[in-house]
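Peer 1: This is the structure I want to talk about, given as structure tokens.
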């Protein structure tokens, strides 16, 4: 479990924005709520 969390942390800090999954998910959430009016949660 902790190895997976460590991998995600490293991915977040080192991946370029176009390949950064946590950043892309966050941007999709902002887009869905701000422009489409659909909350992600």
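The values are calculated or read from the model by the stated rules, or taken from the named source; none is laboratory data. Quick caveat, the model's predicted, so the values are computed rather than measured. Cβ atoms come from the backbone with ideal geometry, glycine included; neighbour counts cover every protein chain shown.
Peer 1: Identify the residue in region 2-41 that is outside any helix (DSSP H, G or I), on the phi < 0 side of the Ramachandran plot and loosely packed, with under 11 Cβ neighbours inside 10 Å and, among all such residues, is modelled with the highest pLDDT.
Peer 2: Among those that are outside any helix (DSSP H, G or I), on the phi < 0 side of the Ramachandran plot and loosely packed, with under 11 Cβ neighbours inside 10 Å, it is 16.
Peer 1: Could you list, ordered by first residue, the pairs with Cβ atoms under 6 Å in which the first is in region 15-41 and in contact (Cβ under 8 Å) with a residue 12 or more places away in the chain and the second is in a helix (DSSP H, G or I), at least 6 apart or interchain?
Peer 2: As it stands, the answer is 22/12; 40/29; 40/32, since those pairs meet every condition given.
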